[in-house]
């Protein structure tokens, strides 16, 4: 076998084992008996240790060195690029540091849950300070002399930098704050009333998943506390949740996860179990979940179809018609929780976290001062005060598990979705007529052809650029949001 | 770290990874989307390859060499014994041969399924001949100069030999044939009539699992085509099946798997994720499933309780009372299929396979002559002819996947169960009164204390011997079967 064949065969096994590790995570959230948690922790640690050993195996370095400079076709070259990237990142972090991060974040996650339940940031601050210090050390190792926070972003969105995000968010923030202020002066539309049995929610969820092109022969849907999508290739599973009083939570969680899952299911099958066989970045992944959920799923056209479906499933919904239903779907309200935010306020949540975590990593903000800084910034952007830490800086799990550099990819996904949506409307005529009858086929086919099938072949920015015909920018998203909510709220 | 600590830490990771591989098998039979089969095959192959590399890692040999002869406590010594055994077996089989067996048995299993569907043994014979040749070669490697078939048995039942089984089966066969002949001259008791909705079957299955002490906080029950138990430690899952016309199939499959699962759940938690943390052999495992299913579950006392439970769940069962229900549970009938056989005929099925597979491996029986040999022997032991291959030599999957030496452990399990049952009745007074009210607590506590908690600490024969107070023998099983069926059929 040539060095390339050997390298790719080795990598294929690693990819297959990583799929198993991911499915173990799915099992933990959906099927695992509750008494199995401790044993599962050991199983996961053994699996991660084995995968880390494979990803830092010196043979990888030798194969890569032998191949770099060789003439390769674009697909092989892209695979090598991913393997090189993974190998460099994995070998730059000392094993001692990786183990210490795993140990401390495991403790920290428990402390976070306790502190959130007690609304007590001070109880969480000491362990968070340890996490920040360790992640900073890891970032320094990864940056190899470059910017530490950029190295962290790079884990989730290759080639993206804080400077690019600063410029993008600088354009978004004033327009979104102004829109939020204008909307919250207006009366809030009514929500739904009625009865929404959870079994009927799950049944309609399944139909919606099919409507959006999710392939149940290569996936399944189950209930979990937190909705997620898991797996690549021919086994991509999603979860959703039901709440008796809030059917939209179920349906839009489902559509969101279907967006993630259709991305994975849409990748060229030739790339399965290779470094090209999964979504290229968190930002591009989120662009798919967001365009399915928001630009398509929360459009006036598609909500007209959903209104009919929900009436058939649940009877009277307590709203006066399809326009009132559309307004209920897109209600903007005073709230504190990122995951429940509407399209207007969502990105304000992200910018807040982005600025605070940059400052935590650089040391400009001490962990002890985080709660105050959060609350001050929140009131400035949202116009009302945070009443307690569980609605403020303790609401998200991310920092407790060491996820720094991850939050901005949520907004990046929205920005990418904005660009893709504009291009989609340019290329697919009659989109609203299709969505109004529940036909997402032309839209999802466009996304599959332009974005999904490429998997990891290009860089994230290349994927969006070739799909849209221009480099990604915040303008299309902002124009879309302003037009939509100006109309909805008669501004 | 000492060599012992290093070895045991390494082994612990291997055990944890093996648990993951097992759970992947569970997922495949219960949850996996059907389109994921090909990818799953690659995932499993990567997992098995990784586990094989760990089990043959030269460091294991070095650690073992450094430790053998050292003074160790009995628990550490038992762990070393298992690791040495696994290492020797794994290293004796050349990688080329292991890969070839994996490849051929994968093909062979498909050919077997096709041949069974077509009732065409000749279509299966060529690939079976390849499997036999490869397994013989593997057996020769494992035997290292000893008896080839004994080396195969040893994979499933350490220290057991064909000579011991020959002697045991020689005692059993005439008594079981005579009993079968006497019974089949008598009229067959009536079966149940009524309606047995599958959801109600599953609900009662769950209650029966609890009745027999299965701990749902460390397990779960799902439906699968073939019932099985999977996993060790704190995550032991079972499956069962439902058939609208045959509720006993569901209930006794469940109780059987609960026996396997309670064995795993009953092992000393200190042994979890060590070589002592799972059932010690196939025979001892089967002894637990069989004593739960037959000696307890099909007893007159327990069937009285089950009769009430089934009446509550399904209404009229079409039998005249608890005695008639007991007779229906224990019906002996002319049939061809091992997995559906009653207590009288079951071991006759095993002896047939045992003698034929010994002859296949030794070369005394050519694969081409297998069908004829099977049919001739069947008619001799069962008294009626096999009408077609799917009811004869094509009925079991085992040989197609290379399982030789496995079948006799089923009967060994029955023999062990017979010994344990006699000892249990000696030690636990009022057993029938307890079972009659659905209280299996004292029986299962006795099994847990005497057998289950020890896991792999002793050899299989030692476990049974210390539990019963004497070495295992077929006498107690034969006495029990003769007494039970002589009563049932008024012989």
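The values are calculated or read from the model by the stated rules, or taken from the named source; none is laboratory data. Note that the structure is a prediction, hence the values are computed from the model and not measured. Here Cβ is always computed from backbone atoms with ideal geometry, including for glycine, and neighbour counts include all displayed protein chains.
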*Hey, residue A:4 hits all of (1) more than 26 Å from the chain's Cα centre (by Cα); (2) more than 14 Å from residue A:275 (Cβ to Cβ); (3) more than 10 Å from every other protein chain (Cβ to nearest Cβ) but one; which does it fall short on?*
(2)
*Here are some conditions: (1) over 28 Å from residue A:129 (Cβ atoms); (2) crowded, with 16+ Cβ neighbours inside 10 Å; (3) at pLDDT 95 or above. Residue A:59 meets all but one. Which one does it not meet?*
(2)
*Identify, by number, the condition in (1) within 12 Å of chain A (Cβ to nearest Cβ); (2) surrounded by 14 or more Cβ atoms within 10 Å (Cβ to Cβ) that residue B:34 doesn't meet.*
(2)
*asked:* From the list A:75, A:104, exactly one residue is in a helix (DSSP H, G or I) and buried (at least 17 other Cβ atoms within 10 Å of the Cβ). Which is it?
replied: A:104
*asked:* Which condition from (1) surrounded by fewer than 24 Cβ atoms within 10 Å (Cβ to Cβ); (2) farther than 16 Å from residue A:435 by Cα is the one that residue A:279 breaks?
replied: (1)
*asked:* If residue B:195 satisfies all but one of (1) in contact with a helix residue (DSSP H, G or I) (Cβ under 7 Å, 6 or more places away or on another chain); (2) touching a residue at least 24 places away in the same chain (Cβ under 8 Å); (3) within 30 Å of residue B:458 (Cα to Cα), what's the number of the condition it fails?
replied: (3)
*asked:* Tell me whether segment A:50-60 contains one or more residues that are more than 14 Å from every other protein chain (Cβ to nearest Cβ) and farther than 26 Å from residue B:15 by Cβ.
replied: yes
*If you go through segment B:134-169 one residue at a time, how many are in contact with a helix residue (DSSP H, G or I) (Cβ under 9 Å, 6 or more places away or on another chain), in a helix (DSSP H, G or I) and modelled with pLDDT of 95 or more?*
24
*asked:* Going residue by residue through segment B:15-34, is there one that turns out to be assigned by TED's automatic domain parsing to the domain that holds residue B:148, closer than 23 Å to residue B:159 by Cα and part of a helix (DSSP H, G or I)?
replied: yes
*Could you say whether any residue in segment B:7-18 is at pLDDT below 95 and either out of contact with any strand residue (DSSP E or B) (no Cβ under 6 Å at 6 or more places or on another chain) or within 12 Å of another protein chain (Cβ to nearest Cβ) (or both)?*
no
*Looking at segment B:231-239, is at least one residue within 27 Å of residue B:275 (Cα to Cα), more than 14 Å from chain A (Cβ to nearest Cβ) and in contact with a strand residue (DSSP E or B) (Cβ under 7 Å, 6 or more places away or on another chain)?*
no
_Here is a list: B:140, B:164. Which entry is closer than 23 Å to residue B:87 by Cβ, surrounded by 14 or more Cβ atoms within 10 Å (Cβ to Cβ) and without any contact (Cβ under 8 Å) to a residue 60 or more places away in the chain?_
B:140
*asked:* Can you go through B:466, B:461 and tell me which one is out of contact with any helix residue (DSSP H, G or I) (no Cβ under 6 Å at 6 or more places or on another chain) and touching a residue at least 24 places away in the same chain (Cβ under 8 Å)?
replied: B:461
